[in-house]
Each structure stands twice: as C-alpha cells, then as structure tokens.
Amino acid sequence: MENFARNSLEKKKFIIFGGGFSGQFISNEIRKLGCEALTSSRQAPKNNTSFFFDSLSSALPPEHIFEGTTHVLSCIPPDKSGQDPVLSRLYKQLKSLNLEWVGYLSTTGVYGNTNGEWVTEKDPAKPLQERSKRRLLCENSWLNSNLPIQIFRLPGIYGPGRSTFESILKKNIKVIHKPNQVFSRIHVADIANAILYLLLKINHENFKQIINIADNYPTSQIEVIEHSYQLLGLKMPKPLDFDDAKKLLSPIALSFWEENRRVSNNLLCKDLGYKLIHKNYKSGLKSCLEIIKQKNLI
Ligand SMILES: NC(=O)c1ccc[n+]([C@@H]2O[C@H](COP(=O)([O-])OP(=O)(O)OC[C@H]3O[C@@H](n4cnc5c(N)ncnc54)[C@H](OP(=O)(O)O)[C@@H]3O)[C@@H](O)[C@H]2O)c1
C-alpha cells in the first residue's frame with residue numbers, strides 16, 4: 001500500500017455499510033491509517049468493530065455507533081425493488097451527522113454493453129441488466145440525497161480469497177471461449193488504496209463525483225484462467241465454446257457474458273494521478289498466489 005501522509009485522516013471515524021469482501025478489506029486499510037472503522041453485518045456482531053444492520057430487519061443499528069462519525073461508505077447492493085438499503089432505512093440518521101464524505105461502491109454494469117469499446121464516466125449510463133437498472137436508481141438516490149457523495153464504479157472485483165485460484169482449486173471453474181469478449185477487473189487493494197488516495201490528496205477544486213476504478217488491462221477471461229493454471233503448475237482443461245457453455249451457466253453467470261466493455265481509468269489514473277498497485281491481472285494474481293502460499297492453502 002502507498003505510504004500516505006498518515007496523520008491527515010487521524011481521528012476520523014468511518015462507518016462501512018456492508019462488511020463483505022470489499023468492505024472488510026477497505027476497513028482494514030482505513031484502520032492502518034489510525035482511523036476508527038466500523039463495519040455492518042447481517043449476523044450478530046462478532047466484536048466491537050462490527051454492528052448489526054439488515055435492511056430487511058426491523059432492527060436498526062444502535063444510535064451510539066453513529067456518534068462522532070465523519071465518513072460513511074456503502075458497499076451494499078440495491079434491494080430487489082431498486083431501493084438503496086442504506087438510504088431507505090437510515091437517510092435521516094445520515095443527514096443528522098454533518099458528514100464530511102460519503103462513498104458508494106457501484107458497478108460499471110451501469111454502462112451496459114459497448115461491444116468491447118472503452119467507456120468513461122462521461123459516457124451515458126445505458127444499463128442492460130435489470131440489476132444494473134436498479135443500481136442506477138441507487139446511484140441517483142445517492143446523488144439526490146444532498147449528502148457529500150462520491151460514487152465509485154467498479155468492474156469485476158478480485159483479491160485474496162476471491163480469485164481464479166480459488167475457483168480452480170475448488171474445481172468449480174468453467175473455461176469458456178467467446179471470441180472478442182473482454183472483461184475489466186480490479187484488485188480489491190486498488191479499490192481501498194484509490195479511495196484513500198482520493199480522500200487524502202484531492203481537494204474541492206478537483207473533486208469528481210463519479211469515478212471508475214479499474215485496472216489498465218481489460219482482457220478475456222480465458223487469458224486470466226490460463227495464466228492462473230500456469231502459475232499453479234496445472235494443465236488447463238480444454239475450453240468450451242460459448243454456445244455449448246451457455247447451457248451450463250446460471251442466468252446470472254450468463255448475463256455477465258452479454259456485456260462486453262473496456263472500462264477506462266483515465267480520470268482516476270491520468271487526471272487525478274492515482275498509481276495502480278496492480279496494473280493488470282498478472283500483478284494482482286501474483287500477489288493473491290503469494291497469500292495462498294503463505295497460508296499453506298496449496
Ligand atoms: N463482486 C464484484 O465483482 C462486484 C463488481 C462491481 C461492483 N460490485 C458491488 O460493489 C459492492 C461491494 O462488492 P463486494 O463483492 O465486496 O460485496 P459482498 O462481498 O457481496 O458484500 C456485500 C455486503 O452487503 C451486505 N448486504 C447485502 N444486502 C444487505 C441488506 N439488505 N442489508 C444489509 N446489508 C446487506 C452483506 O452483508 P453480510 O456481510 O451480512 O452478508 C455484505 O456485507 C457491492 O455493492 C457489489 O454489488 C461488486
């Protein structure tokens with residue numbers, strides 16, 4: 001991680017809604033900077049850094065967790081009706097806090113299908129999937145919330161514990177060949193690092209409300225899988241043609257193959273000067289594999 005000026009976020013208190021894969025990773029990085037970070041869970045809290053929040057439950061988080069909160073980040077996807085789980089239950093609470101910053105993890109799915117063309121934040125959102133239409137509704141709710149909101153649009157997230165290695169090792173990977181199909185991706189460490197970079201380095205003059213966080217190298221899924229097999233010293237199975245594989249995919253898995261786009265990070269990396277930790281999947285996977293080996297998982 002980049003060694004940021006460690007004191008400038010000191011004494012700030014973050015509430016992270018959705019302590020899942022990204023939420024946990026980001027909160028750990030925030031704590032390393034000397035800030036307090038609490039994460040929500042739909043399970044009973046396991047320690048004093050987590051609290052219960054389930055938008056479908058009548059129970060709301062206890063009042064005291066909000067005391068002194070300066071920053072909020074939501075990592076929770078839209079609910080089935082397209083409402084934002086945090087705003088629908090906690091808007092008044094958030095409005096009462098005098099927050100310095102509110103972040104929202106969204107998806108690049110809102111851009112829809114571009115047939116492999118690059119998309120930037122200036123391109124209009126044209127969501128194709130119902131879940132992406134719901135996501136755009138949530139983005140708009142945050143933008144209209146009158147909170148100091150910043151939205152991060154993310155492609156496929158991977159990182160330690162969630163990569164092609166786990167799928168290969170658990171033998172639930174499907175090796176599929178679809179000509180000219182690419183996916184963009186981002187290592188979770190870059191989501192955390194980019195958000196902290198923006199919080200620490202960016203001032204009011206160059207503040208951007210919607211920012212893509214993606215690596216420099218959109219590419220086919222098969223290229224990533226092949227490289228993963230090579231790193232594991234295993235032989236990749238013969239790929240299935242997409243038309244044959246279609247019958248084996250769940251509707252949600254299939255829906256990802258209906259969109260083909262390259263997500264530009266020019267705003268983040270060129271205009272705002274962020275340097276990626278993992279410019280491409282090779283760098284990201286290398287670091288995932290080191291962690292797998294350290295944990296003796298292979
Ligand atoms: N995964 C990807 O490749 C990807 C790509 C682009 C964007 N995104 C979006 O980026 C965000 C973070 O992704 P992620 O993969 O890190 O997410 P994740 O691991 O699936 O975590 C989602 C979190 O949301 C919480 N949650 C879900 N529904 C909730 C509800 N109704 N009430 C309260 N909490 C609820 C979950 O609670 P529990 O911890 O209790 O389960 C979990 O902590 C999500 O919005 C995701 O849709 C993901």
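The values are calculated or read from the model by the stated rules, or taken from the named source; none is laboratory data. Every value quoted in this text rests on a predicted model; they were computed, and no experiment measured them. As a convention, Cβ positions derive from the backbone with ideal geometry for all residues, glycine included, and neighbour counts pool all protein chains shown. Side chains included, ligands, DNA and RNA excluded: accessible areas come from the protein's heavy atoms. Shrake-Rupley method; radii C 1.70, N 1.55, O 1.52, S 1.80 Å.
Taking a cut-off of 19 Å between Cα atoms, list the lysines near Lys133, but don't count ones fewer than 8 places away on the same chain.
Lys80, Lys122
Suppose we keep just the DSSP beta bridges with both residues in the range 130-228; what percent of those would be antiparallel, to 5? Write down the numbers at each step before the final one.
Numbers: 2 of 8 bridges.
Of all bridge pairs located within the range 130-228, approximately 25 percent are antiparallel.
If one takes the longest principal axis of the Cα atoms in the chain, at what angle in degrees, from 0 to 90 and to the nearest 10, does the Cα axis of helix 281-294 lie?
So the helix axis and the longest Cα principal axis differ by about 80 degrees.
For the chain, what is the mean residue ellipticity at 222 nm derived from helices alone (per DSSP H run of n ≥ 4: -39500 (n - 2.57); sum divided by total residues; nearest 500 deg cm²/dmol)?
Details: 9 runs with 94 residues, N = 298.
My calculation for the chain gives -9500 deg cm²/dmol from helical runs alone.
Of the residues Glu63, Glu100, Glu205, which exhibits the maximal mean-square fluctuation in a Gaussian network model of the chain defined by a 10 Å Cα contact cut-off?
Ranking Glu63, Glu100, Glu205 by mean-square fluctuation puts Glu205 first.
If you count only protein heavy atoms with a 1.4 Å probe, what accessible area per residue comes out for the range 22-64, rounded to a whole Å²? Can you show the working numbers first?
On the way: 2440 Å² over 43 residues.
Here the residues of the range 22-64 average 57 Å² of exposed surface.
Taking 0.36 nm per residue of separation and subtracting the Cα-Cα distance, what length does fully extending Lys95 through Leu143 add?
Details: separation 48, 0.36 × 48 = 17.28 nm, distance 1.35 nm.
Roughly 15.9 nm would be gained on extension.
Using a cut-off of 10 Å between beta-carbons, work out the net charge of the residues near Gln83 (Lys and Arg +1, Asp and Glu -1, Gln83 not included). Could you put the intermediate results ahead of the total?
Values: positive: Lys80, Arg89, Arg134; negative: Asp79, Asp84.
So the environment of Gln83 carries a net charge of +1.
Taking only Cα atoms, what is the 0 to 90° angle, nearest 10, from helix 188-201's long axis to the longest principal axis of the chain?
That helix lies at roughly 40 degrees to the long axis.
Compute the length gained on full extension between Lys171 and Ser88: take 0.36 nm times their separation in residues and subtract their Cα-Cα distance, giving the result in nm to one decimal.
Numbers: separation 83, 0.36 × 83 = 29.88 nm, distance 3.94 nm.
In short, 25.9 nm is gained.
With respect to the cross-link table entries Lys174/Lys246; Lys170/Lys293; Lys170/Lys247; Lys11/Lys32; Lys178/Lys246, which display a Cα-Cα separation exceeding 18 Å? Can you show the working numbers first?
Working: Lys174/Lys246 11 Å; Lys170/Lys293 16 Å; Lys170/Lys247 21 Å; Lys11/Lys32 12 Å; Lys178/Lys246 11 Å.
The pairs that break the limit, which is 18 Å between Cα atoms, are Lys170/Lys247.
Once the Cα atoms of helix 21-32 and of the chain are each reduced to a long axis, what angle between those two axes, in degrees from 0 to 90 to the nearest 10, is obtained?
Computed tilt is about 50 degrees.
First measure r as the distance between the Cβ atoms of Leu297 and Lys126, then evaluate 1/(1 + (r/R0)^6) with R0 = 35 Å and state the FRET efficiency to the nearest 0.05. Don't jump to the answer; show the numbers that get you there.
Values: r = 41 Å, r/R0 = 1.16.
Using R0 = 35 Å, I get an efficiency of 0.30.
Gain in length, Glu290 to Lys80, computed as 0.36 nm per residue apart minus the alpha-carbon separation, to one decimal in nm?
Numbers: separation 210, 0.36 × 210 = 75.60 nm, distance 3.79 nm.
71.8 nm is the gain from fully extending Glu290 to Lys80.
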